[in-house]
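Read through the structure below, which is laid out as structure tokens, and then see the notes.
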Amino acid sequence: MQTLTVDVFLSVDGWAGGAESPGYFGYFGPELEEWITEELAVPQLVVLGRRTYEALAGLPEEARDDSWHRMTKLDKVVFSSTLETASWPNTHVCHDDLVTEVTRLKIDSDVPLRTIGSLLVARQLCAAGVVDRLRLMTFPLLVGTSGREPFFADVASADLELVGHRVLDRRVLLVEYRPTGRDIPRV
């Protein structure tokens, strides 16, 4: 069985973006770029929601960097009830139930699965208990009232085990957790 990793980029206060925040919250650096390059070089099946797919596939030519071109070569599955076809190479649209299909893909896939962006998809997969790794890339800022898309809103309680951590560019914290399946201790 393959693993499913959920990657989330967020501010210290838990926002996946802000109304005035640029990409990577403005903290893109050489070590973060190297991490992205290394991660996209690993064979994987990328799991996306419609909005993230449309944002990535629709990037204008001048915004298509090396990472975008590497992602083009990866197999991708987009979960959507409205999208009929996908124009981005190596992309399949799936109208089936997200959790059921991802569970099947974990069994049938030859490569690990990974979400990129797609917060609604990531939250649903976390809630269903099918996530094997939760990687949080925490950027050193508080987005505050300009925040949009709070990743942890409505996420169920879960006990997590720290399996790795790393500092990138002396300011961005990458933390990887594994859900333990244990109950949360109560006071």
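Here segment 47-132 has an Rg and Dmax of 12.9, 39 Å, counting Cα atoms alone. If you roll a 1.4 Å probe over the chain with all protein chains in place, what percent of the accessible area is carbon or sulfur? Whole-percent figure for carbon plus sulfur exposure: 52.
Hey, what number do you get for the chain at 222 nm if only DSSP H runs of n ≥ 4 count, each worth -39500 (n - 2.57), divided across all residues, to the nearest 500?
On the way: 5 runs with 49 residues, N = 187.
After summing the helix terms and dividing by residue count, I get -7500 deg cm²/dmol.
Please compute one quarter of the surface area of the Cα convex hull for segment 1-91 and express it in square nanometres. Don't jump to the answer; show the numbers that get you there.
Numbers: hull surface 30.3 nm².
With every direction weighted equally, the projected area is 7.6 nm².
Computed over the Cα atoms of the chain, the ratio of the radius of gyration to the Kirkwood radius (Rg/Rh) comes to 0.94.
The simple Förster model, with R0 at 35 Å and r as the Cβ-Cβ distance, assigns His95 and Leu142 a FRET efficiency of 0.35. Classified by the C-alpha gyration tensor, segment 1-47 has an oblate form. Its axis ratio a/c, with a ≥ b ≥ c, is 1.5 or above, and a/b does not exceed b/c.
The values are calculated or read from the model by the stated rules, or taken from the named source; none is laboratory data. These numbers were taken from a predicted model, which means no experiment stands behind them. A quick note on method: Cβ atoms are made from the backbone with ideal geometry, for glycine too, and the neighbour counts reach across all protein chains shown. When the accessible area is computed, the model is the full protein with side chains, heavy atoms only, and any ligands, DNA or RNA have been set aside. Shrake-Rupley method; radii C 1.70, N 1.55, O 1.52, S 1.80 Å.
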